[in-house]
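**Q** My structure is below; once you've seen it, I'll send some questions.
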Amino acid sequence: MNTNKVIQTVISTVLLTSVVLNMTACYIILVKVKRKEITHLFVVSISITNLLETTIGLTPQLAMADESLLESTPLCIVGGFAVLGFAITNITHLTMLSFIRTVAIKYPRRYFQYHKMFWCKVTLILVCYAYGFFWATLPIIGWSKYELDLDKKRCSLDWKLTKANSFSYILAIFICCNILPGIVIALTLYYSAKEIRHRKACKFPQNKKTDHLEKEYFQVCLLSAFAYFFFWTSYAIVGVLTLLKFNIPMHLATTTAMFSKLSTISNVLVNCYAIKSFQKQLLNLKIVQIMKSYLRILIVCKKV
């Protein structure tokens, strides 16, 4: 099997898995979960961004997997725009969710007062999309540009600095869309954990709703953020090395780019682990019940 066939197989697998898992997550939370907390709505929104990132970003790449691009076509630029916009939107969701968690722990009464308001939830989610696509739009209007990626299979940032202002844009992206969200997530998780330790030490009355939010938000924020940075860091390192004029092998650029796409699957897996209501509804789906029954039959047959 040649390299192009391997790439095609990986892209198809990631695309199919992401579509199935993220659509399942949206179905469970929107249809099956009766009492929707703000955590659930953020999970749905993140699943939608992952779904759109894979379909818009990977479909053109799948169609052109057998050949390398000679120039950045409009379809290629749209794919690069979508992937960057939704990727930044994704980490902004996690940053916002981490901040909300801190507010819920520090000021529980204020949180429970506002979190039921529909306009408040919608506004917070729209801010995440606005921030993500603000940065994705800048290369289109002149600050840097979308250029062929290092392996010429997709469009991405102008890593080779073919435009004079590309370095300043990439530096701004690293600071505002990678380092800053990471710092905010780390600080909010730290301060909320510190607040909880303080309350336990002072033996304040325990609030079951707040305790539930603490555990659920902590796991979702920490694991999702860790997965996001884990899958995207290798690609970012390859980009930085290219900026520093290192000669990056084409297969390494392709591998790290494919590896970063796994971030569109990781959030659903984190939700399966962290959110108990999501986990329960997933296990109660008819198709899952049928699969479990089939596996039981296979196990019994093997024992016999």
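**Q** Any chance region 205-214 includes a residue that's modelled with pLDDT under 75, under 27 Å from residue 132 (Cα atoms), in contact with an Asp or Glu (Cβ under 9 Å, 6 or more places away or on another chain) and surrounded by 12 or more Cβ atoms within 10 Å (Cβ to Cβ)?
**A** At the first step, the residues of region 205-214 found to be modelled with pLDDT under 75 are 205-214.
Right, trim to under 27 Å from residue 132 (Cα atoms) and you get 213-214.
If we keep only those that are in contact with an Asp or Glu (Cβ under 9 Å, 6 or more places away or on another chain) as well, we get 213.
From the residues that got through so far, the ones that are surrounded by 12 or more Cβ atoms within 10 Å (Cβ to Cβ) too are 213.
Yes, there is a match, as at least one residue in region 205-214 is modelled with pLDDT under 75, under 27 Å from residue 132 (Cα atoms), in contact with an Asp or Glu (Cβ under 9 Å, 6 or more places away or on another chain) and surrounded by 12 or more Cβ atoms within 10 Å (Cβ to Cβ).
**Q** Now a separate question. Out of the residues in region 128-162 that are open to solvent by 70 Å² or more (accessible area, probe 1.4 Å) and either of a type in the set (D, E, K, R) or more than 27 Å from residue 11 (Cβ to Cβ) (or both), which is nearest to the chain's Cα centre (by Cα)? Write out each step before concluding.
**A** Looking only at region 128-162, we keep the residues that are open to solvent by 70 Å² or more (accessible area, probe 1.4 Å), and these are 131, 134, 140-141, 143, 152, 160, 162.
Right, trim to either of a type in the set (D, E, K, R) or more than 27 Å from residue 11 (Cβ to Cβ) (or both) and you get 131, 134, 141, 143, 152, 160.
Working: 131: 15, 134: 17, 141: 26, 143: 25, 152: 24, 160: 26 Å.
Top of the filtered list is 131.
**Q** Can you tell me which residue among 289, 219, 279 is in contact with a helix residue (DSSP H, G or I) (Cβ under 6 Å, 6 or more places away or on another chain) and either at pLDDT 80 or above or over 26 Å from residue 106 (Cβ atoms) (or both)?
**A** On the way: 289 fails: in contact with a helix residue (DSSP H, G or I) (Cβ under 6 Å, 6 or more places away or on another chain); 219 fails: either at pLDDT 80 or above or over 26 Å from residue 106 (Cβ atoms) (or both).
Just one listed residue meets the conditions, 279.
**Q** Name the pairs whose Cβ atoms lie under 9 Å apart, with the first residue in region 123-137 and among the polar types (S, T, N, Q), the second open to solvent by less than 40 Å² (accessible area, probe 1.4 Å), and 6 or more positions between them or separate chains?
**A** If the second residue must be open to solvent by less than 40 Å² (accessible area, probe 1.4 Å), the pairs left are 137/85.
**Q** Say whether the condition of being open to solvent by 40 Å² or more (accessible area, probe 1.4 Å) and at pLDDT 85 or above is met by at least one residue in region 25-46.
**A** No, region 25-46 has no match at all.
**Q** Still on this structure: Please state which of the following conditions residue 141 fails to meet, knowing it meets all the rest: (1) in contact with a helix residue (DSSP H, G or I) (Cβ under 6 Å, 6 or more places away or on another chain); (2) free of Cβ contacts under 8 Å to residues at least 12 places away in the same chain.
**A** Just one mismatch for residue 141, condition (1).
**Q** Need the failing condition index for residue 267 against (1) within 11 Å of the chain's Cα centre (by Cα); (2) modelled with pLDDT under 80; (3) surrounded by fewer than 21 Cβ atoms within 10 Å (Cβ to Cβ), just the number.
**A** All conditions pass for residue 267, except number (3).
**Q** I'd like to verify a number: residues in region 130-153 that are within 21 Å of residue 229 (Cα to Cα) and part of a loop (DSSP other than H, G, I, E, B), how many?
**A** Summing the residues that are within 21 Å of residue 229 (Cα to Cα) and part of a loop (DSSP other than H, G, I, E, B) in region 130-153 gives 2.
**Q** If you don't mind, there's one more thing I want to ask. Return the only residue of 120, 176 being at pLDDT 85 or above, within 23 Å of the chain's Cα centre (by Cα) and either surrounded by 19 or more Cβ atoms within 10 Å (Cβ to Cβ) or not aromatic (Phe, Trp, Tyr) (or both). Before you say what the answer is, go through the steps one by one.
**A** Values: 120 fails: at pLDDT 85 or above.
The conditions single out 176.
**Q** Could you count how many residues in region 47-70 are open to solvent by 60 Å² or more (accessible area, probe 1.4 Å), at pLDDT below 75 and not small (Gly, Ala, Ser)?
**A** So the count comes out to 3.
The values are calculated or read from the model by the stated rules, or taken from the named source; none is laboratory data. Given the structure is predicted, the values throughout are model-derived calculations rather than measurements. Cβ coordinates were reconstructed from backbone atoms using ideal geometry, including for glycine residues, and neighbour counts include every protein chain displayed. Remember, those area values only see protein heavy atoms, side chains included, never the ligands or the DNA or RNA. Shrake-Rupley method; radii C 1.70, N 1.55, O 1.52, S 1.80 Å.
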